[in-house]
Amino acid sequence: MATVRDFTDAETKLVGQALNERYGQAIPLQFADAEIQLIAESSELTTCPIVYWEARGANFVIFKLGDDRYRAQFYYSDVEQFGTGKEIFNNLGDCVITLLQVQSDHERTRAGIKSGMNAYTIGNPDDYDGPLVV
C-alpha cells in the first residue's frame, strides 16, 4: 500500500489562514489518515493524510493525494456529503477557497436564500408588493 507525505507546516498555515479569513477566528484543525482508492480501475488503497475541521454545522475534509494534489469535500451527515465539482486540485489555496465557497453557497440554498434576495425579501418571503410604478 502506497502512502503520501503529511501536510507541511506551510500547507497547514495556509489552511488556517483561509479559515481565519472566512470565519473571523481560529478554527481548530485535526489531522488523520484515510485509505482511499486513487485510481478507479485499481483496487489498491493509498494512505493519504487529511486535514479536518468543523464549522457552522458542517464538517470539512481535504485529502492530500500527493505533492500539489488535493481533493476536498464537506458533509453534514453520512447521507449528506458534497464535493466541490472538481476532482483534483493542484493548488491547496484554490482547493480551500473553492471548498469554502461551495459550502457557503450550499448553506444559503439550505436556508432558502436565493441569489438576488435582499434583507426585505429574506425577512418577508411571502410578501410581494410588485414593482414600484411611478
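The numbers here are math on the coordinates, done by the rules we state, and not lab data. This one's a predicted model, so the numbers in the text were calculated from it and none came from an experiment. Cβ coordinates were reconstructed from backbone atoms using ideal geometry, including for glycine residues, and neighbour counts include every protein chain displayed.
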Radius of gyration and Dmax over the Cα atoms of region 2-92, both given in Å:
13.4, 42
Enumerate the calculated ³J(HN,Hα) couplings along region 61-68 in order (Karplus 6.51 cos²θ - 1.76 cosθ + 1.60, θ = phi - 60°), each rounded to whole Hz, writing x wherever the residue is Gly or Pro.
9, 10, 9, 9, 8, x, 5, 6
Among 18, 39, 90, which residue has its Cα furthest toward the positive end of the charge dipole of region 2-92, with +1 on Lys/Arg Cβ and -1 on Asp/Glu Cβ?
18
Would you mind working out the magnitude of the charge dipole of region 2-92 relative to its Cα centre, with +1 at each Lys and Arg C-beta and -1 at each Asp and Glu C-beta, to the nearest 20 Debye?
320 debye
Inter-label distance for residue 44 and residue 79, nm, one decimal - labels placed 7 Å from Cα along Cα-to-Cβ:
3.7 nm
Gain upon complete extension [residue 91, residue 106; 0.36 nm per residue less C-alpha separation]
3.1 nm
For region 42-53, take each phi angle, set θ = phi - 60°, evaluate the Karplus expression 6.51 cos²θ - 1.76 cosθ + 1.60, and give the result in whole Hz per residue in order, putting x for glycine and proline.
10, 8, 5, 9, 10, 7, 10, x, 10, 10, 10, 8
Would you please give the residues with an amide H less than 5 Å from that of residue 6, counting only those at least 5 places away or on a separate chain, with H modeled from the backbone geometry?
none
Phi angles of region 10-26, converted by Karplus (6.51 cos²θ - 1.76 cosθ + 1.60, θ = phi - 60°) into ³J(HN,Hα) in whole Hz with x for Gly and Pro, give 5, 5, 4, 5, 4, 4, x, 5, 4, 5, 4, 5, 6, 9, x, 7, 6
Would any residue of region 1-40 have its amide N under 17 Å from a label point 7 Å out along Cα→Cβ of residue 56? List them or say none.
16-28
Test of understanding: ordering 31, 63 by Cβ neighbours within 10 Å, fewest first, what list do you get?
31, 63
